Amino acid sequence: MFLRPRGLREAVEALATPGIQILAGGTDFYPALGDRHLSVPVLDLTAVRELSGIREEKDVFRIAAGTTWTELLATPLPRCFDALKAAAREVGSIQIQNRGTIAGNLCNASPAADGVPPLLALDAEVELMSRAGTRRLKLGDFITGNRKTERRPDELVSAILVPRTIEGPSAFLKLGARRYLVISIVMVAVILEGDGKGRVAEARIAVGSCSAVACRLPGLEAALRGAEMRPGIGERVDTRHLEPLAPIDDIRATAAYRRDAARTLVARALERCVVG
Ligand SMILES: Cc1cc2nc3c(=O)[nH]c(=O)nc-3n(C[C@H](O)[C@H](O)[C@H](O)COP(=O)(O)OP(=O)(O)OC[C@H]3O[C@@H](n4cnc5c(N)ncnc54)[C@H](O)[C@@H]3O)c2cc1C
C-alpha cells in the first residue's frame, strides 16, 4: 500500500494503518532499506500542502515538516538562523538538499544529523500531530538516543517551531574526513546574543557527533555570559566545558580526537560570531 494524501487531516488518518511508515524526501528512508524490498505500507507526505514552507508567526518561526534544505536556504531569516543555513549547505549534495527535509533529519535521529545542533541552539520545539490532537516537545526531549525519538506510531511531525527569543549572530562548523558529501566527525553550532554594550547577554552552544544525541554545553554558555564580544573570545573554551560530551571511538575518529576537535571547532565558531 502506498498512500500520497494531499491534505494533513487525511495524512493523520492514514497513520491508523498498522505498520505504516512515513516517507518524506526518502534520502534516509530508502538507503536504510539496503537490499530489502519495500514490504510495509507507506505514507508519502510530499503532496501535503500544509507541510511546506516557513512562516513567521507572533512568537515563533514555523518550519513546516516538509520544508527541504533548499527551501530553507531560499528563505530570508534572521542571523540566528545562519548556523542552520550553514548546516543546510553541508547536508550531502545539492540533490540531497533539494529532496531532504529538516523534519526527516530530526526523525531519523542520527547522532551525525547536521540539523540537530543548530536547532538545539535555537531552542526549537517539535510539533507532533495525531488523531488525538497536537503536542509539542523540546527538540532535546524529542530525540532520546541513536535513531530513537519520542514519536508514537500514530503521530507525524507537522512542524518545527523556533521561538523568537534570540536574534544574534550564529555559526555552524562541521568536520568530516573530506570536504564534500561527508558524515560529520564533529559539528558545532553557536549563537551569541549581545547586550547592546559589546558583551554577551546569552550564549547557546551545541555539539553533535560526540554523544548519542547532540547536546548543549551549559557550563560554557554560563561562563560566556558577560564576556566581551570581540576576537579572542574562543580562548575561553576549557576542556571542563566539554564534560557533557561522551564521544566514542568509531570508524571515523577516536574519542580523544573528537574531544579535541570539538574544542577547536567551538572556539572557531565563537570567533566567527564576533567578527563582522
Ligand atoms: C548521499 C547522502 C548524503 C547525506 N549527507 C548528509 C549530511 O551530510 N548530513 C546529514 O545530516 N544528513 C545527510 N544525509 C541524510 C539525509 O539526507 C537527511 O537526514 C535528510 O534531511 C532526511 O530527510 P528526508 O526528507 O529525506 O527523510 P526521509 O528519508 O523521507 O525520512 C527519514 C526518517 O524520518 C521519518 N520522517 C520523515 N518525515 C517525517 C515526519 N514529518 N513525521 C514523522 N516522521 C518522519 C521517516 O519515516 C524516516 O524514518 C545524507 C543522505 C544521503 C543519501
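The figures follow:
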quantity	calculated
Some residue of segment 83-98 being over 19 Å from Lys174 (Cβ atoms) and touching a helix residue (DSSP H, G or I) at 6+ places or on another chain (Cβ under 9 Å)	yes
Within segment 113-127, tally of residues that are away from the ligand (no atom under 13 Å from the Cβ), touching a helix residue (DSSP H, G or I) at 6+ places or on another chain (Cβ under 7 Å) and either on the phi > 0 side of the Ramachandran plot or open to solvent by less than 40 Å² (accessible area, probe 1.4 Å) (or both)	4
Filter pass, Pro153 being open to solvent by 30 Å² or more (accessible area, probe 1.4 Å), under 28 Å from Arg9 (Cα atoms) and within 11 Å of the ligand (Cβ to nearest atom)	yes
Check on Arg258, of a type in the set (Lys, Arg) and touching a helix residue (DSSP H, G or I) at 6+ places or on another chain (Cβ under 8 Å)	no
Those residues of segment 256-270 which are open to solvent by 20 Å² or more (accessible area, probe 1.4 Å) and touching a Leu at 6+ places or on another chain (Cβ under 9 Å), in sequence order	Arg259, Arg263, Thr264, Arg268
For Lys85: the one exception among (1) within 11 Å of the ligand (Cβ to nearest atom); (2) open to solvent by 20 Å² or more (accessible area, probe 1.4 Å)	(1)
Residue satisfying condition, being at pLDDT below 95 and away from the ligand (no atom under 13 Å from the Cβ), within set Arg55, Arg49	Arg49
Filtered residues of segment 171-197 (kept if touching a residue at least 60 places away in the same chain (Cβ under 8 Å), within 14 Å of the ligand (Cβ to nearest atom) and more than 17 Å from Ser110 (Cα to Cα))	Phe172, Leu173, Ala177, Tyr180
Residue match in segment 9-19 (condition: more than 18 Å from the chain's Cα centre (by Cα) and closer than 27 Å to Ala112 by Cα)	yes
Matching residues in segment 1-31 - criterion: being touching a residue at least 40 places away in the same chain (Cβ under 8 Å), within 10 Å of the ligand (Cβ to nearest atom), open to solvent by 60 Å² or more (accessible area, probe 1.4 Å) and of a type outside the set (Asp, Glu)	none
Residues (of a type in the set (Lys, Arg) and either within 9 Å of the ligand (Cβ to nearest atom) or closer than 18 Å to Arg164 by Cβ (or both)) located in segment 88-112	Arg99
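The values are calculated or read from the model by the stated rules, or taken from the named source; none is laboratory data. Keep in mind the model is a prediction, meaning the values are calculated, not measured. So basically every Cβ, Gly included, is an ideal-geometry build from the backbone, and we count neighbours across all protein chains shown. The accessibility values were calculated without ligands, DNA or RNA, using every heavy atom of the protein model including side chains. Shrake-Rupley method; radii C 1.70, N 1.55, O 1.52, S 1.80 Å.
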